[in-house]
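Novice: I am attaching a structure below and will ask some questions about it afterwards.
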Amino acid sequence: MKNLILLHGALGHSDIFNPYLEKLSTYFNIYTPLFSGHGNLSLPENGITIEKYTQELAEFIEKENLQDVHIFGHSMGGYVALCYALENPSAVKSIMTLGTKFDWTEEQALKESRMLNPDVIIEKIPNYAEQLENQHGSQWKQLLPAIAEMMISLGKNPPLKSDNLSTLDIPVQIMIGDKDNMVSLEESINVYKTIPYAKLAVLPDTKHPMEKVRTNLLFDLMKDFWNIP
């Protein structure tokens, strides 16, 4: 059976994929690793970077001895999946990304990082603060500034660029919700046009958070992309 890795986004958790596991497990061996600093995993001593998370994915695939993997990545998870595929072109069969931000600049990164203030979130979005506490424990307050630093690092030197994305020779489907307020349709289209064997899907009435995505809609797109009955 084929191997499918589901990658969560920054501040996300692998449990966001629970609604999909039963259906997908009919067609794939499913793997849902957690990135360090998320869930019950401690923050890395040297901080969080995309390169660090790409290395963690590589180590996970090696540890599980997985061959010819397919990957679905939400948000940051999609970015990590593409970085891994560029470094290990023969190891990945296909990638689907949803809500992945590609247009990272220093200005954009600073804007996004300012939103990751634990005190502000507790005061203005208490329900989200409670969700972060439930998913990551008390360390969520340290995870936020670590993710903010990762964003700033991305803005200074984004590893995904047109010249390397154009070398990908695997099927890739770039997906975005039409109501995503973090990722623009324009940047998604630009990446779709850059990758030779890419497809593009715009999910109607869909916001950025994975839990806001309609399960049946996304599953139908997965079935179509992976040609499963």
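The values are calculated or read from the model by the stated rules, or taken from the named source; none is laboratory data. None of these values were measured; they are calculated from a predicted model. FYI the Cβ positions are ideal-geometry reconstructions off the backbone, even for glycines, and counts take in every protein chain you see. Accessible surface areas use protein heavy atoms only, side chains included; no ligands, DNA or RNA. Shrake-Rupley method; radii C 1.70, N 1.55, O 1.52, S 1.80 Å.
Novice: For the chain, what does the helix formula give at 222 nm: sum of -39500 (n - 2.57) over DSSP H segments with n ≥ 4, over the residue count, nearest 500 deg cm²/dmol?
Specialist: Rounded to the nearest 500, it is -13000 deg cm²/dmol.
Novice: Just the accessible area per residue of segment 164-213, please: how many Å² with a 1.4 Å probe?
Specialist: On a per-residue basis, segment 164-213 sits at 52 Å².
Novice: Something else now. Report the dimensions of segment 53-146 along its three principal axes from the alpha-carbon atoms, largest first, rounded to Å.
Specialist: For segment 53-146, the Cα extents along the three principal axes come out at 47, 30, 19 Å.
Novice: Rg and Dmax in Å for segment 106-173, alpha carbons only: what are they?
Specialist: Looking at segment 106-173, its Cα Rg and Dmax stand at 16.0, 46 Å.
Novice: If you roll a 1.4 Å probe over segment 1-148 with all protein chains in place, what percent of the accessible area is carbon or sulfur?
Specialist: The value for segment 1-148 is 46 percent carbon and sulfur by accessible area.
Novice: Something else about it: According to a simple spin-label model (label point 7 Å from Cα along Cα-to-Cβ), what is the distance in nm between GLU211 and GLU87?
Specialist: Distance between label points: 3.1 nm.
Novice: Relative contact order for segment 25-148 using alpha-carbon pairs under 8 Å, separation at least 6, rounded to a whole percent?
Specialist: Taking the mean separation of contacting Cα pairs over the length of segment 25-148, I get 25 percent.
Novice: Suppose R0 equals 30 Å; then what is the FRET efficiency for ASN190 and PHE219 from their Cβ-Cβ distance, rounded to the nearest 0.05?
Specialist: E(calc), rounded to 0.05, equals 0.65.
Novice: Add +1 for every Lys or Arg and -1 for every Asp or Glu among the other residues with Cβ under 10 Å from the Cβ of ILE174, and state the total.
Specialist: Within the 10 Å Cβ shell, the charges total +1.
Novice: Where the Cα atoms of segment 174-229 are projected onto their three principal axes, how long is each span, largest first, in whole Å?
Specialist: 30, 27, 14
Novice: Using the reciprocal of the averaged 1/r over all distinct C-alpha pairs, how large is the Kirkwood radius of the chain in Å?
Specialist: Hydrodynamic radius (Kirkwood, Cα pairs) of the chain is 17.8 Å.
Novice: So how exposed is ILE152, as accessible area in Å² (1.4 Å probe, rounded to 10)?
Specialist: Counting only protein heavy atoms, ILE152 exposes about 40 Å² to solvent.
Novice: Just to confirm the filter: which chymotrypsin sites (Phe, Trp or Tyr not before Pro) across segment 19-102 are DSSP coil and have at most 12 other Cβ within 10 angstrom of their Cβ?
Specialist: For chymotrypsin sites (Phe, Trp or Tyr not before Pro) across segment 19-102 that sit outside H, G, I, E and B with at most 12 neighbouring Cβ atoms in 10 Å, the list is empty.
Novice: Could I ask something else about it? Taking segment 95-165, which GluC sites (Glu not before Pro) meet the DSSP loop condition and have no more than 15 other C-beta atoms within 10 Å?
Specialist: none
Novice: Before I look further, what does segment 15-120 give for accessible area per residue, probe 1.4 Å, in whole square angstrom?
Specialist: 48
Novice: What does the charge count around TYR128 come to, taking other residues whose C-beta lies under 14 Å from its C-beta (Lys +1, Arg +1, Asp -1, Glu -1)?
Specialist: Local net charge: -1.
Novice: Which of the lysines could a cross-linker span from LYS223 if the Cα-Cα distance has to be under 19 Å and same-chain partners fewer than 8 positions apart are dropped?
Specialist: Answer for LYS223, where 19 Å is the Cα cut-off: LYS2, LYS23, LYS93, LYS199, listed by chain and number.
Novice: Using only alpha carbon pairs under 8 Å that are at least six residues apart, calculate the relative contact order of the chain and give it in whole percent.
Specialist: 20
Novice: A follow-up question, please. So what's the net charge close to GLY37: Lys and Arg +1, Asp and Glu -1, counting the other residues with Cβ under 14 Å from its Cβ?
Specialist: -1
Novice: Using alpha carbon centroids, what distance separates segment 173-213 and segment 93-166, in Å?
Specialist: Taking the Cα centre of segment 93-166 as reference, the centre of segment 173-213 is 17 Å away.
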